[in-house]
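Enquirer: This is the structure I have questions about; it appears just below.
The values are calculated or read from the model by the stated rules, or taken from the named source; none is laboratory data. Model, not experiment: these values are computed from the prediction. Here the Cβ positions follow ideal geometry from the backbone for every residue, glycine too, while neighbour counts run over all protein chains shown.
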Amino acid sequence: MKILLVDDSRAIAMVMGARLESFGHDVKHAINGERAIEFFKAESFDLILMDIEMPGMNGFEVTTRIRALEGLDAWAWTPIIFVTATDTDTNLVTAIEAGGDDFISKSVPENVLQAKMKAMSRIAAMRTRLYLANRKLKDQASRDGLTGLLNRRAMDMQVDIDWETATLSARPFSLLMVDVDNFKKYNDHYGHQTGDDCLRAVANCLEECIQRVNNDRVAQGAFVARYGGEEFAVVIPDAAPGVHAGIAASLIESVHAMGIPHELNGNFGVVTISLGAACCDPAVGEIKPLFRLADQLLYKAKEAGRNRAEVAWPTGWPADPA
């Protein structure tokens, strides 16, 4: 286990640390409450052993602050055992009320200390399993079941966060609305199972392109989401004005290059996408006009022949496409 030992006595901490390390645990020592909180903010621990009597901030106060920090995450909880030379009933009650989980004496026998650590190790392993299971459930709830992309609900939540950040920092914000051309005809002709395969392939293609954009630092925090049906959204919360046009062209070219047969897609013969790309620089007001503009541009691209993008440049926002 990774243990945070909080004790103002270096001598006692050295002895206790040596005992714990002999059991195979990794121990980090905080000389006072302030340092303990700094360590806790910087890294995670499986167990905290907390001295009660310390100058400045005592163990009860430190524990209360740690529990307040954990309260920011509904699934966060680190076992805290108070270690003291005065294990009175009053101290025990105060320790539990402050958020402690157990209470041991500084002179605890070796076999008892080892047994306590074994129990804490089992709890640490259970915490890890629960955390991973919860993270998996949370991820599944935010993902589209077919494509694995962020679903509409998760996209809306992330967009709200990114838009607020962009408006506060007066940064550009771009949005691309993407639609698979003649997808109904594709479904009717090739069947719904093949249609699902097509959507997965397009989603993977879009995501790979946007991942390259992020890796190359062309944009920061860009992501793809399934907007609904055969429609996708690409959100670019921080990129230089005009970058959205290059990204749009790259997405169209990449999907076309996959060469997925589509006999009923006009003269193209393969699966293609149409795209509306809008940019607000800087981000101001509400985001709804940006979605409306990108959607209008998407339909304009379809009317102009498909397999193309219609791009609005950030001049005079908000504006409607010509």
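Enquirer: How many residues does segment 131-153 contain that are part of a loop (DSSP other than H, G, I, E, B) and not β-branched (Val, Ile, Thr)?
Expert: Residues of segment 131-153 that are part of a loop (DSSP other than H, G, I, E, B), as a first pass: 144-149, 151.
If we keep only those that are not β-branched (Val, Ile, Thr) as well, we get 144-146, 148-149, 151.
Residues in segment 131-153 being part of a loop (DSSP other than H, G, I, E, B) and not β-branched (Val, Ile, Thr): 6 in total.
Enquirer: Sticking with this one: Taking segment 270-297, which residues are among the charged types (D, E, K, R), under 26 Å from the mean Cα position of the chain (by Cα) and under 21 Å from Gly229 (Cα atoms)? Break it down stepwise before answering.
Expert: Our first condition is that a residue be among the charged types (D, E, K, R); within segment 270-297, this holds for 281, 286, 288, 292, 295.
Keeping just the survivors that are under 26 Å from the mean Cα position of the chain (by Cα) gives 281, 286, 288.
Lys288, the sole residue that qualifies.
Enquirer: Taking segment 28-51 as the region of interest, how many residues are of a type in the set (D, E, K, R), under 9 Å from Leu5 (Cα atoms) and without any contact (Cβ under 8 Å) to a residue 40 or more places away in the chain? If you could, list the steps in order and put the result at the bottom.
Expert: We begin by selecting, within segment 28-51, every residue of a type in the set (D, E, K, R); these are 28, 34-35, 38, 41, 43, 46, 51.
In the following step, the residues that additionally are under 9 Å from Leu5 (Cα atoms) were identified as 28, 51.
Okay, now just the ones that are also without any contact (Cβ under 8 Å) to a residue 40 or more places away in the chain, so 28.
Counting residues in segment 28-51 that are of a type in the set (D, E, K, R), under 9 Å from Leu5 (Cα atoms) and without any contact (Cβ under 8 Å) to a residue 40 or more places away in the chain gives 1.
Enquirer: Sticking with this structure for a sec: Please identify the pairs in which a residue from segment 12-27 that is free of Cβ contacts under 8 Å to residues at least 40 places away in the same chain has its Cβ atom under 7 Å from the Cβ atom of a residue that is among the hydrophobic types (A, V, I, L, M, F, W, C) and in a helix (DSSP H, G or I), counting only partners at least 6 apart or on another chain.
Expert: Note: pairs meeting the criteria are Val27/Leu20.
Enquirer: Is at least one residue of segment 9-25 at pLDDT 90 or above, among the hydroxyl-bearing types (Ser, Thr, Tyr) and surrounded by fewer than 16 Cβ atoms within 10 Å (Cβ to Cβ)?
Expert: Checked against the condition, which is being at pLDDT 90 or above, among the hydroxyl-bearing types (Ser, Thr, Tyr) and surrounded by fewer than 16 Cβ atoms within 10 Å (Cβ to Cβ), segment 9-25 yields at least one hit.
Enquirer: I'm trying to understand the selection: among the residues of segment 28-53, which are modelled with pLDDT under 90 and closer than 25 Å to Val108 by Cα?
Expert: Residues of segment 28-53 that are modelled with pLDDT under 90, as a first pass: 44, 52-53.
Selection gives Ile52, Glu53.
Enquirer: Here's something else I'd like to know. Considering every residue within segment 117-128, establish whether at least one is within 14 Å of Glu231 (Cα to Cα) and either within 22 Å of the chain's Cα centre (by Cα) or surrounded by fewer than 15 Cβ atoms within 10 Å (Cβ to Cβ) (or both). Write out each step before concluding.
Expert: Our first condition is that a residue be within 14 Å of Glu231 (Cα to Cα); within segment 117-128, this holds for none.
Looking for residues that are within 14 Å of Glu231 (Cα to Cα) and either within 22 Å of the chain's Cα centre (by Cα) or surrounded by fewer than 15 Cβ atoms within 10 Å (Cβ to Cβ) (or both), one finds none in segment 117-128, hence no.
Enquirer: Still on this structure: Any idea which of Leu150, Leu146 is crowded, with 18+ Cβ neighbours inside 10 Å, touching a helix residue (DSSP H, G or I) at 6+ places or on another chain (Cβ under 7 Å) and touching a residue at least 40 places away in the same chain (Cβ under 8 Å)? Steps first, please.
Expert: On the way: Leu146 fails: crowded, with 18+ Cβ neighbours inside 10 Å.
Selected residue: Leu150, the only one of Leu150, Leu146 that is crowded, with 18+ Cβ neighbours inside 10 Å, touching a helix residue (DSSP H, G or I) at 6+ places or on another chain (Cβ under 7 Å) and touching a residue at least 40 places away in the same chain (Cβ under 8 Å).
Enquirer: Quick check on this structure: which one of Val243, Val218 is closer than 20 Å to Ala301 by Cβ and within 27 Å of the chain's Cα centre (by Cα)? So that I can check it myself, show each step before the final result.
Expert: Working: Val218 fails: closer than 20 Å to Ala301 by Cβ.
The match here is Val243.
Enquirer: Right, next: Given (1) in contact with a strand residue (DSSP E or B) (Cβ under 8 Å, 6 or more places away or on another chain); (2) among the hydrophobic types (A, V, I, L, M, F, W, C); (3) assigned by TED's automatic domain parsing to the domain that holds Val271, where does Ala124 come up short, assuming only one miss?
Expert: For Ala124, the failing item is (3).
Enquirer: For segment 132-147, does any single residue satisfy the condition of being closer than 18 Å to Cys279 by Cα and in contact with a strand residue (DSSP E or B) (Cβ under 9 Å, 6 or more places away or on another chain)? Working first, answer last.
Expert: Looking only at segment 132-147, we keep the residues that are closer than 18 Å to Cys279 by Cα, and these are none.
Scanning segment 132-147, I find no residue that is closer than 18 Å to Cys279 by Cα and in contact with a strand residue (DSSP E or B) (Cβ under 9 Å, 6 or more places away or on another chain), so the answer is no.
Enquirer: Out of all the residues in segment 92-109, is one or more modelled with pLDDT of 90 or more, under 35 Å from the mean Cα position of the chain (by Cα), surrounded by 15 or more Cβ atoms within 10 Å (Cβ to Cβ) and in the same structural domain as Ala133 (by TED's automatic domain parsing)? Before you say what the answer is, go through the steps one by one.
Expert: Going through segment 92-109, the residues modelled with pLDDT of 90 or more turn out to be none.
No, segment 92-109 contains no residue that is modelled with pLDDT of 90 or more, under 35 Å from the mean Cα position of the chain (by Cα), surrounded by 15 or more Cβ atoms within 10 Å (Cβ to Cβ) and in the same structural domain as Ala133 (by TED's automatic domain parsing).
Enquirer: Could you please let me know if Pro237 is in contact with an Asp or Glu (Cβ under 7 Å, 6 or more places away or on another chain) and farther than 16 Å from Trp163 by Cβ? Step through it out loud before you land on a result.
Expert: Working: in contact with an Asp or Glu (Cβ under 7 Å, 6 or more places away or on another chain): yes; farther than 16 Å from Trp163 by Cβ: no.
So Pro237 does not fit the description; no.
Enquirer: If a residue must be among the β-branched types (Val, Ile, Thr) and free of Cβ contacts under 8 Å to residues at least 40 places away in the same chain, how many such residues does segment 244-301 contain? Give the steps one after another, and end with the answer.
Expert: Keep residues of segment 244-301 that are among the β-branched types (Val, Ile, Thr), which gives 247, 252, 255, 260, 270-273, 284, 287.
From what is left, the residues that are free of Cβ contacts under 8 Å to residues at least 40 places away in the same chain are 270.
Final tally of qualifying residues: 1.
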